[in-house]
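The values are calculated or read from the model by the stated rules, or taken from the named source; none is laboratory data. Everything numeric here is computed off the predicted structure, so don't read it as measured data. Positions of Cβ are generated from backbone atoms using ideal geometry, with glycine treated the same way; all protein chains shown enter the neighbour counts.
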Amino acid sequence: MGERRTIGQYLRAHARDQGDAEALVFEGESISYALLDRRASQVANGLRAMAMPTGSRVAYLGKNSAAYFEIWMGAIRAGMVMTPVNWRLAPPEIAYILADCRPALLVVDPELAARLDPAPSCPVLLTEAASDGDLYADWRDSQSEADPHHDGGYEDVALQLYTSGTTGNPNGAMLTNRSLLGLRDNVSQDALPGWFVWSSRDVALVAMPIFHISGSGWGLWALQHGAKAVVVREFDPHRVLDLLVEHRITKLMIVPTALRIMCDHPRAAQTDFSFLETICYGGSMIPLDLLQQAITIFGCGFAQMYGMTETAGTIAGLAPEDHDVRGNDRMASIGRALPGVDIRILDADGHVLPAGEVGEVAIRSPSNMAGYFGRPDSTAQTIDADGWLRTGDAARMDADGYVYLADRIKDMIITGGENVYPAEVEKAIISHPLVADVAVIGVPDSKWGEAVKAIVVPTQGAEPQPSEIIAWARKRIAAYKAPKSVDFQSDLPRNPSGKVLRRVLRDQYR
């Protein structure tokens, strides 16, 4: 069993034991663990001087940076909670989150300050110098370096991430030290799958946005283990390829769409990536052609990670050994639960379903959130008294524990008494060579109750016919699942996190 240290205790230990080792690298600046520890204390003392209550939120509206991790570590040391805000949001959405979390301090990139409408009531610091405004670094460096030792406990909230809000206003998921660290603290290192194991020799690239758990969590895993985290302001394939080689990155977390952009970069095929050990991906399954291309270029192990904001990220995974360059059935799954995680597939009444039947995924894990900030009713609807978190994902589980996602429960289509999951239909259609993107919804139908409709974005210059899309799908899935109609659009509505807003599409046809 691992030692149950808090995030703050991990940082202190690394500063003591390997203070000269690099903790963060960002745009030419290298920050050692000793320096990160001192800066965390400075931030903490500055926050405590504001005389705000323990548990107050500290908001960050900016792109990825080393400063974000300094502020987060300092907020923890002050007994406060880091709350990054999605910088892609519109001003009213940003205003909603700031009004909801009521931060004691907001740190913002200067180019994003114009989105603060109305202006927040808390003090505001700028990450970089601008014509107007106080600079975060000046404020930090004016504080004492003495450690205030005002950390919270293992069950106290350390990070608050806002959910995507596909059906309404986002909720603030409260993640404790247990949520963020518990999967490794509750099992021995030997029990963890190899792709999930970290050490101080690892070098991780933090390329996913820090307002997602894939960004903040990935960076934290590096800091937890005394590893080196190379932070990228935002994803750029040319810059990422440079950093992979320059820092000999061993671990990379990326979404498949970004991986394809990297693979298609003209420099990728001519670069030696033998130092890279594991590419972890999430958000969607990896297409076989992309896996084949990526293995040829990078030659490392690939692991799919499944999780959500409310589970502090990854709670299940498909290991490298389950990936086959020729393809296999298990590559259609998200893998199996990590040690210490329980997964059940439940029916509408909460009964456990047998292997092979589709129901809702429920998770009981040390990494589950403490709840939604200020939303006890929503929390109770999501996590029951026994600690089972209802994900809203529909899936089946096979006899070996591999979980195969179907779709979101709320997006399920009932046509002629049969359940159809849009993701399954989309997977069949997206393989068509003239289809660039697709979303599937149910539309009212006098005969079937609901009929399956596909909204297709053609590849550039292509003009596919609805009949050929329908015929293509019918060859790959059951006829009742195939679309009854196909419409074409130039793009699909998405939220700031990139998820297709099927709700918006349904509204267009209702």
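Look through Pro118, Pro123 and report the one residue that is closer than 13 Å to Arg57 by Cα, outside the structural domain of Pro366 (by TED's automatic domain parsing) and exposed (fewer than 15 other Cβ atoms within 10 Å of the Cβ).
Details: Pro118 fails: closer than 13 Å to Arg57 by Cα.
On inspection, the qualifying residue turns out to be Pro123.
Starting from residues that are closer than 15 Å to His323 by Cβ, at pLDDT 90 or above and of a type in the set (Val, Ile, Thr), keep the ones in segment 255-296 and report whichever is surrounded by the most Cβ atoms within 10 Å (Cβ to Cβ).
Here the answer is Ile279.
What number goes with the only condition from (1) at pLDDT 95 or above; (2) in a helix (DSSP H, G or I); (3) under 24 Å from Tyr33 (Cα atoms) that Met82 does not pass?
If we test Met82 against (1) at pLDDT 95 or above; (2) in a helix (DSSP H, G or I); (3) under 24 Å from Tyr33 (Cα atoms), just (2) comes out false.
Name every residue in segment 197-213 that is outside any loop (DSSP other than H, G, I, E, B) and modelled with pLDDT under 95, in order of residue number.
Ile213
Strands (runs of 3 or more DSSP E) wholly in segment 395-488 with at least 2 residues that are over 21 Å from Met331 (Cα atoms) and modelled with pLDDT under 95 - which ones? Outline the logic, then answer.
Numbers: elements: 403-408, 413-415, 418-420, 435-445, 449-458, 485-488.
Output list reads 413-415, 418-420, 435-445, 449-458.
crowded, with 20+ Cβ neighbours inside 10 Å and farther than 30 Å from Arg336 by Cβ, is that true of Ile413?
No, not satisfied.
Read through the list (1) among the hydrophobic types (A, V, I, L, M, F, W, C); (2) within 24 Å of Thr6 (Cβ to Cβ); (3) at pLDDT below 95; (4) assigned to a helix (DSSP H, G or I), then give the number of the only condition that Leu223 fails.
(3)
Mind checking which residues of segment 31-73 are part of a helix (DSSP H, G or I), surrounded by 17 or more Cβ atoms within 10 Å (Cβ to Cβ) and hydrophobic (A, V, I, L, M, F, W, C)?
Leu35, Leu36, Ala40, Val43, Ala44, Leu47, Ala66, Ala67, Phe69, Ile71, Trp72, Met73 - these are the residues of segment 31-73 that are part of a helix (DSSP H, G or I), surrounded by 17 or more Cβ atoms within 10 Å (Cβ to Cβ) and hydrophobic (A, V, I, L, M, F, W, C).
Identify all residues within segment 239-275 that are polar (S, T, N, Q), under 22 Å from Ser216 (Cα atoms) and assigned to a helix (DSSP H, G or I); write none if there are none.
The answer is Thr257, and nothing else.
Per-residue answers, yes or no, for (1) closer than 23 Å to Gln9 by Cα; (2) in contact with a Pro (Cβ under 9 Å, 6 or more places away or on another chain); (3) not charged (D, E, K, R):
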| position | (1), (2), (3) |
| --- | --- |
| Ser41 | yes, yes, yes |
| Ala66 | yes, no, yes |
| Ala113 | no, no, yes |
| Pro120 | no, yes, yes |
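Scan segment 362-392 for residues that are β-branched (Val, Ile, Thr) and within 18 Å of the chain's Cα centre (by Cα) and jot them down.
First pass over segment 362-392, keeping only residues β-branched (Val, Ile, Thr): 363, 379, 382-383, 391.
Passing the criteria: Ile363, Thr391.
Restricting attention to segment 414-473, which residues are closer than 23 Å to Ala394 by Cα and among the β-branched types (Val, Ile, Thr)?
Ile414, Thr415, Val420, Val425, Ile429, Ile430, Val438, Val440, Ile441, Val443, Val452, Ile455
So which residues in segment 329-386 are acidic (Asp, Glu) and buried (at least 19 other Cβ atoms within 10 Å of the Cβ)? Walk me through how you get there before you give the answer.
First pass over segment 329-386, keeping only residues acidic (Asp, Glu): 329, 342, 347, 349, 357, 360, 377, 384, 386.
The answer is Glu360, and nothing else.
Using beta carbons and a limit of 6 Å, which pairs, at least six apart or on different chains, have the first residue in segment 95-116 and without any contact (Cβ under 8 Å) to a residue 40 or more places away in the chain and the second one not aliphatic (A, V, I, L, M)?
Close Cβ pairs (under 6 Å, with a partner that is not aliphatic (A, V, I, L, M)) amount to Leu98/Pro120; Pro110/Glu128.
Considering (1) under 23 Å from the mean Cα position of the chain (by Cα); (2) assigned by TED's automatic domain parsing to the domain that holds Ala482, say which one Trp448 fails and leave the rest.
(1)
Name the pairs: first residue in segment 1-30 and buried (at least 16 other Cβ atoms within 10 Å of the Cβ), second residue assigned to a helix (DSSP H, G or I) and of a type in the set (S, T, N, Q), Cβ to Cβ under 7 Å, at least 6 apart or on different chains?
Thr6/Asn177; Ile7/Asn177; Tyr10/Gln224
If Leu181 meets every condition in (1) farther than 30 Å from His247 by Cα; (2) touching a residue at least 60 places away in the same chain (Cβ under 8 Å); (3) outside any loop (DSSP other than H, G, I, E, B); (4) not β-branched (Val, Ile, Thr) apart from one, which number is that one?
Leu181 satisfies all of (1) farther than 30 Å from His247 by Cα; (2) touching a residue at least 60 places away in the same chain (Cβ under 8 Å); (3) outside any loop (DSSP other than H, G, I, E, B); (4) not β-branched (Val, Ile, Thr) except (1).
Give the residues of segment 282-326 that are touching a Pro at 6+ places or on another chain (Cβ under 9 Å), without any contact (Cβ under 8 Å) to a residue 40 or more places away in the chain and in a strand (DSSP E or B), sorted by residue number.
Result: Phe302, single match.
Would you be able to say whether some residue in segment 210-231 is surrounded by fewer than 24 Cβ atoms within 10 Å (Cβ to Cβ), of a type in the set (A, V, I, L, M, F, W, C), more than 19 Å from the chain's Cα centre (by Cα) and farther than 22 Å from Trp87 by Cβ?
yes
Take Arg88 and decide whether it is of a type in the set (D, E, K, R) and either at pLDDT 95 or above or out of contact with any Phe, Trp or Tyr (no Cβ under 9 Å at 6 or more places or on another chain) (or both).
no
Could you please let me know if Glu155 is surrounded by fewer than 16 Cβ atoms within 10 Å (Cβ to Cβ) and under 29 Å from the mean Cα position of the chain (by Cα)?
Numbers: surrounded by fewer than 16 Cβ atoms within 10 Å (Cβ to Cβ): yes; under 29 Å from the mean Cα position of the chain (by Cα): yes.
Against the criterion (surrounded by fewer than 16 Cβ atoms within 10 Å (Cβ to Cβ) and under 29 Å from the mean Cα position of the chain (by Cα)), Glu155 qualifies.
Report whether or not Ile279 is in contact with a strand residue (DSSP E or B) (Cβ under 6 Å, 6 or more places away or on another chain) and touching a residue at least 40 places away in the same chain (Cβ under 8 Å). Working first, answer last.
Values: in contact with a strand residue (DSSP E or B) (Cβ under 6 Å, 6 or more places away or on another chain): yes; touching a residue at least 40 places away in the same chain (Cβ under 8 Å): no.
Judged against the criteria, Ile279 is not a match.
For Pro354, which of the numbered conditions (1) within 27 Å of Leu288 (Cα to Cα); (2) out of contact with any Asp or Glu (no Cβ under 6 Å at 6 or more places or on another chain) fails to hold?
(1)
Testing Glu93 on (1) closer than 30 Å to Val240 by Cβ; (2) at pLDDT 95 or above, one condition comes back false. Which one is that?
It is condition (2) that Glu93 fails.
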